[in-house]
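Following: one structure in structure tokens, then a few remarks.
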Amino acid sequence: MEKTVHSFPLHPECPDLRRLADNPAEALLRAEADIVAAENAAEADRYRRLEDLEEAQQDGRGITRRTFVAGAAATATATALATAQFVTASASFAATRTGTLVHVFLYGGLDGLSLVAPADDPVLAKARPDLLLGDDSLALGRGFKLTSAFKPLERWLRAGQLGFVPAVSDERLSRSHFQAADACNLGGLPSETGGRGWLDSLVDNLGKGTAFRSVGIGSTLPRSLVGTNGALSMNSVGSLRLNGEEKYRAATEKAIRGLFTGINHPVEEAVQDGLGALATAQKLAAKPYQAAEGVTYEGVGNAFQQLAQLIKGGANVRVATVGMGGYDTHENQGTRSGGQLHRRLNELAAAMAAFFTDLGDRAADVTVMVSSEFGRRVASNGGGTDHGHGGVVTVLSGRKLAGSLLGTWSGLDELDSGDVPEYNNMFNVYGSVAQGRFGLTTAQVDRIFPRQKFTPMKLYA
């Protein structure tokens, strides 16, 4: 009969688990690792004594760690401590152009006409006289102007690296925050996508990478990264660490590495990549992050700082997400300095400017795309705006863009039930941003958005 001491089951080959850790889970894990190491050493010694290497190969029992399935308790512990945190599938596609795409999602439904709007438009003057952009707005191409809240990004606007696509929507989007945000993040309806995020599908085309190749900054993984590629979700670089007690982490990591080495199983590569990610994160977090001279991060900028730390630290981030709330402006909207929406947009612009300044030369390989679940109605409701369609997608890129106002615009003479018409399909915009960033073929983008015939747009110069 198995004996127990202080709730620790005794293993015949490791009788005193209490010496290994104060809790049973980590003690069992390292006990199993020690046993496996001993078994592997004995197996290796046996094969070294074989006179014919071919005989060893024919024997079919190379060091494949026969106890991979054995030791269920320890294996389950290892899975809980390790693989659930960072298992990532490795795509077999050819490598694409390097770089990073950051998708910033503005939750609540951004009023795109408070970001960019046609200058001196009679329809707007009549429908929203209290929400017109101010005289301090920045000039854009094709007779549009940009809110003064985006002045922190004026340098990139003048350099041809900041552009806006107006009148963006999709027929799948309703006026429900939940439904529309879900469709935007999945790249279609759940029934069309199987619940898989469009950014996770994009990663399929980006070849092998580190465990950091898809990262969500925040406490929960966004729907756009849900899928088969094992995206990481974290509030900060320093928060990415192995579960368990801190004083045992080094020993636990060593045990996990031993348990998942030489097992001839796909999870081996995933675990080793994951342990590498943990090591990278802890190395980066070992000393306070030093941004470029003159750069400070505030508000949503703190999320961008984590990305800058990863990118500058060589983590090879390919896709990343940042979320920002506060855009459901039914009242007290304010489009000018001091207004609620103006302040939110200014915080976002300052964060993006800090991010690109901090990256320096590395910004050449980065594209930031900002979107929201839907736009808002053209008419003011007397201080705010209600849910609508025809929003705006913002693109800040290290590559020069085709203009400051991108895509199709045919005016506001004929509204869509009070909304800005859909002149530019949302998923054509998303796909074209990704295509330009990574050099994807049209066929590759087609596979990212099920039941959507992708039509490329000219967004880059």
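Odds and ends about this structure:
- Leading residue by the ranking (most open to solvent (accessible area, probe 1.4 Å)) among those in the range 416-440 that are touching a residue at least 60 places away in the same chain (Cβ under 8 Å) and part of a loop (DSSP other than H, G, I, E, B): Glu422
- Any hit, the range 355-372, residues being of a type in the set (Val, Ile, Thr) and open to solvent by 40 Å² or more (accessible area, probe 1.4 Å): yes
- Among (1) surrounded by fewer than 18 Cβ atoms within 10 Å (Cβ to Cβ); (2) at pLDDT 95 or above, the one test that Val168 misses: (1)
- Near pairs, Cβ below 9 angstrom, 6+ apart or cross-chain, from the range 97-113 (closer than 21 Å to Val317 by Cβ and hydrophobic (A, V, I, L, M, F, W, C)) to any residue that is open to solvent by less than 10 Å² (accessible area, probe 1.4 Å) and at pLDDT below 95: Val102/Val317
- Taking the numbered list (1) touching a helix residue (DSSP H, G or I) at 6+ places or on another chain (Cβ under 6 Å); (2) at pLDDT 60 or above; (3) outside any helix (DSSP H, G or I) in turn, Thr220 passes all entries but (1).
- Criterion violated by Gln333 - all others in (1) open to solvent by less than 20 Å² (accessible area, probe 1.4 Å); (2) within 23 Å of the chain's Cα centre (by Cα) satisfied: (2)
- Residue match in the range 280-289 (condition: within 30 Å of Trp198 (Cα to Cα), among the β-branched types (Val, Ile, Thr), surrounded by 19 or more Cβ atoms within 10 Å (Cβ to Cβ) and at pLDDT 95 or above): no
- Condition met for Arg158 (surrounded by fewer than 21 Cβ atoms within 10 Å (Cβ to Cβ), within 24 Å of Asn428 (Cβ to Cβ) and charged (D, E, K, R)): no
- Failed condition for Ala379, given (1) over 21 Å from Arg175 (Cα atoms); (2) surrounded by fewer than 23 Cβ atoms within 10 Å (Cβ to Cβ); (3) in contact with a helix residue (DSSP H, G or I) (Cβ under 7 Å, 6 or more places away or on another chain); (4) at pLDDT 95 or above: (1)
- Residues being surrounded by fewer than 21 Cβ atoms within 10 Å (Cβ to Cβ) and among the hydrophobic types (A, V, I, L, M, F, W, C) - total across the range 186-204: 1
- Selection status of Thr367, of a type in the set (S, T, N, Q) and closer than 19 Å to Phe304 by Cα: yes
- Any hit, the range 144-151, residues being in a helix (DSSP H, G or I) and either open to solvent by 10 Å² or more (accessible area, probe 1.4 Å) or at pLDDT below 95 (or both): yes
- Residue within the range 343-352 that is open to solvent by 10 Å² or more (accessible area, probe 1.4 Å), at pLDDT below 95 and among the charged types (D, E, K, R) present: no
- Among the numbered conditions (1) over 22 Å from the mean Cα position of the chain (by Cα); (2) part of a loop (DSSP other than H, G, I, E, B), the only one that Arg196 does not meet is (1).
- Of the residues making up the range 122-138, those that are more than 17 Å from Asn346 (Cα to Cα) and in contact with a strand residue (DSSP E or B) (Cβ under 8 Å, 6 or more places away or on another chain) number 1.
Every residue, every condition in (1) touching a strand residue (DSSP E or B) at 6+ places or on another chain (Cβ under 6 Å); (2) modelled with pLDDT of 95 or more, yes or no:
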site	(1), (2)
Gly360	no, yes
Ala364	no, yes
Thr367	yes, yes
Gly391	yes, yes
Leu401	yes, yes
Val420	yes, yes
Phe427	no, yes
Gly431	no, yes
Arg451	no, no
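- Those residues of the range 348-394 which are part of a strand (DSSP E or B) and within 21 Å of Leu406 (Cβ to Cβ), in sequence order: Val366, Thr367, Val368, Met369, Val370, Ser371, Ser372, Arg376, Gly391, Val392, Val393, Thr394
- Members of the range 290-300 found to be open to solvent by less than 40 Å² (accessible area, probe 1.4 Å) and closer than 11 Å to Thr357 by Cβ, listed by number: Ala291, Ala292, Val295, Tyr297
The values are calculated or read from the model by the stated rules, or taken from the named source; none is laboratory data. Note that the structure is a prediction, hence the values are computed from the model and not measured. Using ideal geometry, Cβ is built from the backbone for each residue, glycine included, and neighbour counts are taken over all protein chains shown. For accessibility, only protein heavy atoms count, side chains too; no ligands or nucleic acids. Shrake-Rupley method; radii C 1.70, N 1.55, O 1.52, S 1.80 Å.
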